[in-house]
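One structure is given here, and the rest of the page talks about it.
The values are calculated or read from the model by the stated rules, or taken from the named source; none is laboratory data. What you see is a predicted model; the values in this text were computed from it and never measured. We place every Cβ from the backbone using ideal geometry, glycine too, and count neighbours over all the protein chains shown.
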């Protein structure tokens with residue numbers, strides 16, 4: 001097995017482990033991979049972050065995006081599967097899935113500190129709950145302090161979650177999800193990424209619906 005296939009196999013194994021705890025987690029990460037690929041490709045096509053985002057970057061973002069929620073494997077069932085709103089204390093525990101996910105990759109990172117795929121995967125895990133206005137977690141970063149993989153993942157993660165039924169919520173329509181994301185432009189999400197999303201929102205709907213059927 002070559003190194004690229006080993007990376008893919010390792011990521012798949014981690015994702016399947018998370019899926020074993022919660023079926024919706026597995027569905028979620030598969031859809032977000034395709035949605036991340038689409039958004040990152042739109043960044044490339046539109047010449048944004050052109051010193052950073054090339055076709056290789058797009059491929060890597062698709063590869064590592066499923067890692068963003070692997071830390072949920074360490075969240076107790078009574079919180080992870082709760083069919084209702086979390087209490088403040090429960091939400092604080094849920095937020096620890098970021099640190100749990102990072103710890104899962106720490107050993108690999110110690111061995112391969114310069115690996116681009118691994119480093120991007122850790123950025124996706126670490127920063128996908130940061131918000132453009134600085135009110136996110138775990139570090140309260142704002143605007144371009146948040147690495148681009150985290151900003152991409154934040155938007156895609158929310159869109160997929162809005163569209164999907166969960167134990168604690170019904171699914172929102174594509175139209176309603178778009179309105180929520182647009183209203184959070186410049187607060188939760190990078191404004192440039194929201195513009196790309198809204199401009200091609202029908203493509204995002206198509207990707208979500210295709211992956212839902214699959």
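Key figures for this structure:
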{"quantity": "Residue within segment 120-134 that is more than 30 Å from residue 185 (Cβ to Cβ), touching a helix residue (DSSP H, G or I) at 6+ places or on another chain (Cβ under 9 Å) and modelled with pLDDT under 95 present", "calculated": "no"}
{"quantity": "Residue check, residue 161 touching a strand residue (DSSP E or B) at 6+ places or on another chain (Cβ under 9 Å), modelled with pLDDT under 95 and under 22 Å from residue 61 (Cα atoms)", "calculated": "yes"}
{"quantity": "Conditions (1) closer than 18 Å to residue 15 by Cα; (2) at pLDDT 95 or above: number failed by residue 214", "calculated": "(2)"}
{"quantity": "Scan of segment 31-85 for residues that are in contact (Cβ under 8 Å) with a residue 12 or more places away in the chain and not in a helix (DSSP H, G or I), ordered by number", "calculated": "46, 48, 49, 52, 53, 75, 76, 81, 82, 83, 84, 85"}
{"quantity": "Hits in segment 31-50 - residues which are modelled with pLDDT under 95 and surrounded by fewer than 18 Cβ atoms within 10 Å (Cβ to Cβ)", "calculated": "50"}
{"quantity": "Top-ranked residue of segment 86-98 - restricted to ones that are part of a helix (DSSP H, G or I) and over 15 Å from the mean Cα position of the chain (by Cα), ranked as surrounded by the fewest Cβ atoms within 10 Å (Cβ to Cβ)", "calculated": "88"}
{"quantity": "Single residue of 190, 184 found to be modelled with pLDDT of 95 or more, surrounded by 22 or more Cβ atoms within 10 Å (Cβ to Cβ) and more than 22 Å from residue 30 (Cβ to Cβ)", "calculated": "190"}
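A quick yes/no check of all residues on (1) in contact (Cβ under 8 Å) with a residue 40 or more places away in the chain; (2) assigned to a loop (DSSP other than H, G, I, E, B); (3) more than 30 Å from residue 78 (Cβ to Cβ); (4) under 18 Å from the mean Cα position of the chain (by Cα):
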{"position": "132", "(1), (2), (3), (4)": "yes, yes, yes, yes"}
{"position": "140", "(1), (2), (3), (4)": "no, yes, no, yes"}
{"position": "144", "(1), (2), (3), (4)": "no, no, yes, yes"}
{"position": "150", "(1), (2), (3), (4)": "no, no, no, yes"}
{"position": "159", "(1), (2), (3), (4)": "yes, no, no, yes"}
{"position": "162", "(1), (2), (3), (4)": "no, no, no, yes"}
{"position": "172", "(1), (2), (3), (4)": "no, yes, no, no"}
{"position": "176", "(1), (2), (3), (4)": "no, no, no, no"}
{"position": "180", "(1), (2), (3), (4)": "no, no, no, yes"}
